[in-house]
1. Quote the charge dipole size of the chain about the Cα centre in Debye, to the nearest 20; the model charges only the Cβ of Lys and Arg (+1) and of Asp and Glu (-1).
2. What is the range 51-158 by shape, rounded, prolate or oblate, if you read a ≥ b ≥ c off the alpha carbon gyration tensor as root eigenvalues and call it rounded for a/c under 1.5, prolate for a/b larger than b/c, and oblate otherwise?
3. Which residue, Ile158, Ala94, Leu173, has the largest displacement toward the positive end of the dipole of the chain when charges sit on each Cβ (Lys, Arg +1; Asp, Glu -1)?
4. Using θ = phi - 60° and the Karplus curve 6.51 cos²θ - 1.76 cosθ + 1.60, what whole-Hz ³J(HN,Hα) does each residue of the range 173-185 get, with Gly and Pro shown as x?
5. Relative to the Cα centre, what is the charge dipole magnitude of the range 79-140, using +1 at the beta carbon of each Lys and Arg, -1 at the beta carbon of each Asp and Glu, and rounding to the nearest 20 debye?
6. With an 8 Å Cα cut-off and a minimum separation of 6 or more residues, compute the relative contact order for the range 30-153 in percent.
7. From the phi of every residue in the range 111-119, what ³J(HN,Hα) in whole Hz does the Karplus formula 6.51 cos²θ - 1.76 cosθ + 1.60 yield, where θ is phi - 60° and glycine or proline is x?
8. Can you classify the range 157-199 as rounded, prolate or oblate using the Cα gyration tensor, where a ≥ b ≥ c are the square roots of its eigenvalues, rounded means a/c under 1.5, and otherwise it's prolate if a/b beats b/c and oblate if not?
Amino acid sequence: MGAQLRVYKRRIRSITATKKITKAMEMISASRIVKAQRKVAASTPYATELTRAVTAVATGSKTDHPLTTEAQSPTRAAVLLVTSDRGLAGGYSANAIKQADRLAERLRGEGKEVDTYIVGRKGVAYYGFRERKVADSWTGFSDNPTYADAKQVAAPLIAAVQQDTADGGVDELHIVFTEFVSMMTQTPVDNRMLPLSLAEAEAEEETGTKGELLPLFDFEPSAEDVLDALLPRYVESRVYNALLQAAASEHAARRRAMKSATDNAGELINTLSRLANAARQAEITQEISEIVGGASALADATAGSDK
């Protein structure tokens, strides 16, 4: 019985140490969510206004440009997948990977080849284990991305869009990331960055400027040059906003996972404590029974010798 009690105590000590770790990670993630939310809120207006500027140029001119013009028969698409560098975040990375797989399957069903670009060690490890080809990958900044990281990621994507498909270029550019909705809800989404959907952009423009007269624009030196200058800024801002959304979602998912782990550890400690108490009580009862039995046997032996 003593051996069983030692086993329970050893497990309680181990789980208590794990609970302290998960609680600390929960608190760290909770503190980082607020900072990540502020960065998302700060970057969104810039991305929105830049999209409106691109829309204004596209609708105010008749220039054919990769930023706004649909290919007649697109044959190749690039998909940027954003995952995490670290685990212990529940199904955060797995859900984003599933969303990317669904997107790739849909694009291949449309007859398009898919080039995959990945941010985060989890996505890189997933594709590497399955021996899937990856065009490029980046790691080390998923939980705290900077604009410099976004420019680094966007550079090969912009180059691919500007190249002909015969030379390894792409006709479409998609991004898969986890959108931060709230502290409890993070949704994996896939958005097409290029070509820009003018119908959706114009609808947003009309909603935001309802009742206002739309301005007329003159372009210097030309609308095409303006779009060439806006293309890298547009892609970089969209990638940066997606990285920030993903970072906030990663922290929220990790906080929720660590809170669940901490709660489960507490319940398991309570269960083991009850079992340890029962084992100790059984051990005490057995010792009392042995003492009483020994005393009775000694009393019987003494009474027999007196006779």
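The values are calculated or read from the model by the stated rules, or taken from the named source; none is laboratory data. None of these values were measured; they are calculated from a predicted model. Don't worry about glycine lacking a Cβ; one is built from the backbone with ideal geometry, like all the others, and counts go over all protein chains shown. Protein only, heavy atoms only, side chains kept; ligands, DNA and RNA dropped before computing areas. Shrake-Rupley method; radii C 1.70, N 1.55, O 1.52, S 1.80 Å.
1. Working: 38 positive and 40 negative charges, 476 e Å.
My answer is approximately 2280 debye.
2. On the way: a/c = 2.42, a/b = 1.50, b/c = 1.61.
Oblate, because a/c is 1.5 or more while a/b does not exceed b/c.
3. Ala94
4. Result, rounded to whole Hz: 10, 10, 9, 10, 8, 9, 7, 7, 9, 7, 4, 9, 10.
5. Details: 11 positive and 8 negative charges, 39 e Å.
It works out to roughly 180 debye.
6. Numbers: 114 pairs, mean separation 29.6, N = 124.
In percent, rounded to a whole number, it is 24.
7. These are the phi-based 3J(HN,Hα) values: x, 10, 7, 10, 9, 9, 10, 10, 10 Hz.
8. Numbers: a/c = 4.53, a/b = 2.54, b/c = 1.78.
The shape class here is prolate.
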